[in-house]
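Okay, structure first, notes after.
The values are calculated or read from the model by the stated rules, or taken from the named source; none is laboratory data. These figures come from a predicted structure and were not determined experimentally. Every residue, glycine among them, receives a Cβ derived from its backbone with ideal geometry; neighbour counts consider all protein chains shown. Side chains included, ligands, DNA and RNA excluded: accessible areas come from the protein's heavy atoms. Shrake-Rupley method; radii C 1.70, N 1.55, O 1.52, S 1.80 Å.
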Amino acid sequence: MTQRPDIPLPPPKERRRLREAGALTQAQVAAQVGVARETVRAWESGRTTPSGRKGEAYARLLESLTTPSAEPYEEPAAPRTAAGRTGRHRQPSLSAVATAEAPEPSDVLTPAQAFDALYAFCAPALVRQTYLLSGRRELARESVERAFQTAWQRWPEVAVDPDPASWVRATAYEYALSPWHRFRPRYRHPEPPPADAADRALLDVLLTLPPSYRRTLLLHDGVGLGLPETAAETEASTPATANRLLHAREAVAARLPGLADPAALHRRLAEVASAERLRAPRPPTVRLGSERRARFWTRAAIAFTVTVIGATALTVRTAPTRYEPPVPPGETVQGIPPRVAPGTLSDKELKLRKKLRSGTAHGPQRLLPESR
């Protein structure tokens with residue numbers, strides 16, 4: 001039996017209202033209570049009920065928000081790094097999308113601002129991941145751009161997704177691994193390999209793996225997802241995902257024995273991806289391209305519909321109004337000898353022709369009536 005907290009909990013909608021009234025985000029509440037942000041979201045939606053010590057801490061936090069003198073919770077400041085002291089922006093690592101929490105912009109930002117925040121958070125690391133997945137720089141940028149264009153077109157669905165970063169990552173991976181790219185003229189020739197020999201060796205080993213094995217290895221050992229999360233994103237069972245991961249590691253270790261350790265492999269994947277200068281387009285450019293693509297396909301659908309309607313109307317206009325039976329094919333009549341070609345004339349026929357030709361050519365003379 002689950003132990004209920006001593007302090008009564010308000011309904012799920014009231015929990016969300018109290019949090020918003022206290023100017024707190026779900027991430028801040030999760031940090032104070034000591035749970036994941038998805039757990040706070042489940043508590044506020046009513047899917048689960050808090051219990052135990054976490055439930056008591058959550059109930060005390062909500063009770064403190066009901067008093068007028070309650071001070072808003074302040075999130076502790078993150079420690080400054082060397083990059084922050086020098087004023088340079090440090091790009092997220094290969095596993096930044098999986099290890100860090102995405103910003104929660106749905107409460108205070110517009111859809112465009114929320115999309116830009118998600119793009120700035122995911123795109124830099126996602127371009128490097130798709131480069132390791134496909135081995136092509138231009139295809140990596142195109143895959144990330146197309147994935148975010150699809151996300152902007154379906155933003156109401158992506159915005160309420162529990163993990164929008166995983167949604168975009170799965171879309172980018174599917175586009176990068178599409179077999180139809182081999183028929184494109186620009187992708188028939190290989191791109192220049194990495195400059196470093198060790199990077200080239202690792203990238204060659206990755207590209208020799210089957211696409212499903214390569215994707216599983218990148219998600220588990222490169223991005224850092226767990227085995228259940230990797231199985232869910234690759235749409236496979238957990239045993240099948242484990243087998244793919246083991247076979248991929250064996251193939252890499254057979255070619256590169258120094259990367260038999262998963263930690264070393266994770267470090268090398270991040271180094272190979274970071275060695276290339278891969279930059280994604282700016283968020284406004286992606287949103288504008290998505291809107292243009294949506295307008296193009298909308299107009300194409302309208303033009304196709306108008307063409308079908310016009311062709312149907314023309315067919316109805318020119319179609320016959322009554323049934324005309326087709327002419328049946330000819331039938332052979334029995335008992336009649338077939339027609340033959342004319343041959344030479346006999347003596348009798350020659351005499352008859354001579355007699356006819358010697359006669360009057362213009363017929364008999366005109367007959368006149370006689371008067372009596």
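Which of the residues that make up the stretch 171-194 are under 19 Å from TYR213 (Cβ atoms) and assigned to a helix (DSSP H, G or I)?
Residues satisfying the conditions are ALA172, TYR173, GLU174, TYR175, ALA176, PRO179, HIS181, ARG182.
For the stretch 289-296, does any single residue satisfy the condition of being touching a Lys or Arg at 6+ places or on another chain (Cβ under 7 Å) and either farther than 29 Å from ALA201 by Cα or outside any loop (DSSP other than H, G, I, E, B) (or both)?
No: zero hits.
Identify, by number, the condition in (1) surrounded by 10 or more Cβ atoms within 10 Å (Cβ to Cβ); (2) more than 60 Å from the chain's Cα centre (by Cα) that ALA341 doesn't meet.
Of (1) surrounded by 10 or more Cβ atoms within 10 Å (Cβ to Cβ); (2) more than 60 Å from the chain's Cα centre (by Cα), only one is false for ALA341: (1).
In this structure, is ALA159 at pLDDT below 90, under 23 Å from ARG268 (Cβ atoms) and either open to solvent by 20 Å² or more (accessible area, probe 1.4 Å) or in contact with a Gly (Cβ under 8 Å, 6 or more places away or on another chain) (or both)?
Considered against the rule, which asks whether it is at pLDDT below 90, under 23 Å from ARG268 (Cβ atoms) and either open to solvent by 20 Å² or more (accessible area, probe 1.4 Å) or in contact with a Gly (Cβ under 8 Å, 6 or more places away or on another chain) (or both), ALA159 comes out as no.
For the stretch 247-279, give me each residue that is without any contact (Cβ under 8 Å) to a residue 60 or more places away in the chain and not in a helix (DSSP H, G or I).
LEU256, ALA260, ASP261, ARG277
Inside the stretch 206-233, can you point out the residues that are over 17 Å from TYR131 (Cβ atoms), part of a loop (DSSP other than H, G, I, E, B) and at pLDDT 90 or above?
Within the stretch 206-233, just PRO210 meets the criteria.
Show the residue pairs that are 6+ apart or on different chains and have beta-carbon atoms under 8 Å apart, the first residue being within the stretch 193-219 and surrounded by fewer than 16 Cβ atoms within 10 Å (Cβ to Cβ), the second being part of a helix (DSSP H, G or I) and among the hydroxyl-bearing types (Ser, Thr, Tyr).
Hits for this filter: zero, empty list.
Starting from residues that are under 16 Å from LEU177 (Cβ atoms) and open to solvent by less than 10 Å² (accessible area, probe 1.4 Å), keep the ones in the stretch 140-155 and report whichever is nearest to the chain's Cα centre (by Cα).
Residue satisfying both the conditions and the ranking: ALA147.
Run down ALA102, ALA120, ALA70, ALA82 and say which single residue is open to solvent by 40 Å² or more (accessible area, probe 1.4 Å) and modelled with pLDDT under 80.
ALA82
Scan the stretch 234-246 for residues that are part of a helix (DSSP H, G or I) and without any contact (Cβ under 8 Å) to a residue 24 or more places away in the chain and report the count.
Qualifying residue count for the region: 6.
In the stretch 45-67, what residues are open to solvent by 20 Å² or more (accessible area, probe 1.4 Å) and not hydroxyl-bearing (Ser, Thr, Tyr)?
GLY46, ARG47, GLY52, ARG53, LYS54, GLU56, ALA57, ARG60, GLU63, LEU65 - these are the residues of the stretch 45-67 that are open to solvent by 20 Å² or more (accessible area, probe 1.4 Å) and not hydroxyl-bearing (Ser, Thr, Tyr).
Looking at GLU14, GLU38, which is the one that is at pLDDT 50 or above and more than 30 Å from PRO124 (Cα to Cα)?
The unique qualifying residue is GLU14.
Filter the stretch 6-27 down to the residues that are open to solvent by 20 Å² or more (accessible area, probe 1.4 Å) and either touching a strand residue (DSSP E or B) at 6+ places or on another chain (Cβ under 8 Å) or part of a loop (DSSP other than H, G, I, E, B) (or both) and list them by number.
ASP6, ILE7, PRO8, LEU9, PRO10, PRO11, ALA23, THR25
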